[in-house]
Amino acid sequence: NAGVTQTPKFRILKIGQSMTLQCTQDMNHNYMYWYRQDPGMGLKLIYYSVGAGITDKGEVPNGYNVSRSTTEDFPLRLELAAPSQTSVYFCASSYSGLAGSEQFFGPGTRLTVL
Amino acid sequence: GNSVTQMEGPVTLSEEAFLTINCTYTATGYPSLFWYVQYPGEGLQLLLKATKADDKGSNKGFEATYRKETTSFHLEKGSVQVSDSAVYFCALGGSQGNLIFGKGTKLSVKP
């Protein structure tokens, strides 16, 4: 049981480039989330999904896109990278969205945009 | 909106010292409260949680009590170990099933 896996671990992009951050979970969780963590700040929600085919915006969605074609995968797409997107990105999943549900996190992707 | 404020770090303690990391929240209603821990190079892991007022969450010697009167969820441990060195995040459950996090507190424990 690998839990939540993310690739790549590190990436450097130039301004205007695009990339996809991959996230996969093997726990058959319906709920998946993308957060970003800026230095000295807490994690902020970018997008989330309550099941395959269903996605919705979080607190900071601008500049990102997501898709959820399967239960297992929830990729995050950056179309035109900007320095403001330099951050550490965490993917998480949970069995339900009910209060008190534990979220399981991946190890993160550290992205630098120069 | 809902938010979490936690004690800023870094916090440096000697082994076997007492630990308190303060956390207060602003929320409508009574959300679930969590402490997550992030060890170096790893993702966040749930440390403990409380889902209603006066509940005490506990795990691995850590404790936190959900206090609605003071809107607080302070993390405590009676005797820290070097292996407790990590970043600790206080969080509350959001309306979208997400978590709303504090900024995190880095703890370093020296032998």
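Determine the shielding of peptide A:87-100 by partner chains: average, over its residues, the number of Cβ atoms on other chains within 10 angstrom of each Cβ. Could the numbers behind the result be given before it?
On the way: counts 0, 0, 0, 3, 1, 4, 0, 3, 0, 1, 6, 4, 13, 10.
The mean count of partner-chain Cβ atoms within 10 Å per residue comes to 3.
For A:GLN17, nonlocal amide neighbours, meaning residues 5 or more places apart or on other chains whose placed amide H falls under 5 Å from its own, are A:ALA81. Shown in residue order for region B:106-111 are the 3J(HN,Hα) couplings computed by the Karplus curve 6.51 cos²θ - 1.76 cosθ + 1.60 at θ = phi - 60°: 8, 10, 10, 10, 9, x Hz (x for Gly and Pro). Just report the Cα centroid separation between region B:15-52 and region A:2-35, whole Å. After rounding, the separation between the Cα centres reads 24 Å. Per-residue 3J(HN,Hα) values for region B:79-95, derived from phi via the Karplus relation 6.51 cos²θ - 1.76 cosθ + 1.60 with θ = phi - 60°, read 8, 7, 10, 4, 5, 7, 4, 4, 9, 10, 10, 8, 8, 10, x, x, 6 Hz in sequence order (x marks Gly and Pro). Phi angles of region A:71-80 translate, via the Karplus equation with coefficients 6.51, -1.76, 1.60 and θ = phi - 60°, into HN-Hα couplings of 5, 7, 10, 8, x, 10, 10, 10, 8, 10 Hz per residue; Gly and Pro are given as x.
Normalized C-alpha radius of gyration of chain B, against 2.2 N^0.38 Å?
On the way: Rg = 13.3 Å, N = 111, 2.2 N^0.38 = 13.2 Å.
After normalising by residue count via 2.2 N^0.38 Å, the value is 1.01.
Using every pair of distinct Cα positions in the protein assembly as shown, the Kirkwood expression returns a hydrodynamic radius of 17.9 angstrom.
Could you work out the mean count of beta carbons from other protein chains within 10 Å of each residue's beta carbon in B:40-50?
Details: counts 0, 3, 4, 12, 11, 4, 4, 0, 0, 4, 1.
Other-chain Cβ atoms within 10 Å of each residue's Cβ, averaged: 4.
Computed from label points 7 Å out along Cα-Cβ, the spacing between A:ARG77 and B:LYS68 is 4.5 nm. When chain B is described by a simple charge dipole with +1 on each Lys and Arg Cβ and -1 on each Asp and Glu Cβ, the residue from B:TYR36, B:SER3, B:THR20 located farthest towards its positive end is B:SER3. Across all C-alpha atoms in chain A, the radius of gyration and Dmax reach 13.3, 40 Å. When the listed pairs B:LYS56/B:LYS106; A:LYS9/B:LYS68; A:LYS57/B:LYS56 are checked against a 31 Å cut-off, the alpha-carbon distance exceeds it for A:LYS9/B:LYS68; A:LYS57/B:LYS56. The distance linking region A:65-114 with region B:66-111 is 22 Å (Cα centroid to Cα centroid, whole angstrom).
Chain B and chain A together bury an accessible surface of about 1500 square angstrom, both sides counted, with a 1.4 Å probe and no ligands or nucleic acids included. Interface burial in region A:25-60, defined as at least 50 Å² less accessible area with all protein chains than with the chain alone at a 1.4 Å probe, covers A:LEU43.
Just tell me how shielded A:68-79 is by partners: mean number of partner chain Cβ atoms within 10 Å of each residue's Cβ, no decimals.
Working: counts 0, 0, 0, 0, 0, 0, 0, 0, 0, 0, 0, 0.
Rounded to a whole number, the mean comes out at 0.
The values are calculated or read from the model by the stated rules, or taken from the named source; none is laboratory data. Since the model is a prediction, treat every value here as computed from it, not as a measurement. No Cβ is skipped: glycine too gets one built from the backbone with ideal geometry, and neighbour counts run over all protein chains shown. Just so you know, the surface numbers come from the protein's heavy atoms only, side chains and all, with ligands and any DNA or RNA stripped out. Shrake-Rupley method; radii C 1.70, N 1.55, O 1.52, S 1.80 Å.
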